[in-house]
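What follows is a single structure, written as structure tokens, with notes after it.
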């Protein structure tokens, strides 16, 4: 399952069913933030994938 998002000013695709845990210490810097509508779409897709 994928959704269209914008990352660093460019169109991108978030692949929702490829979830993995990442330790916070591995995240070096913040690249960008999702817009509220993108976040709502991502949350809905994630709920569908997880069966919530």
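Where a number appears in this text, it was derived from the coordinates with a stated rule and is not lab data. Keep in mind that this is a model prediction, so the values were computed, not measured. Backbone-built Cβ (ideal geometry, glycine too); neighbour counts: all protein chains shown.
Values as computed for the structure displayed
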read-out: Relative contact order [Cα under 8 Å, 6+ residues apart], the chain, whole percent; value: 40
read-out: Shape metrics for the chain, restricted to C-alpha atoms - Rg then Dmax, Å; value: 12.0, 31
read-out: Exposure proxy order (Cβ contacts within 10 Å, fewest to most) of 38, 43, 33; value: 33, 43, 38
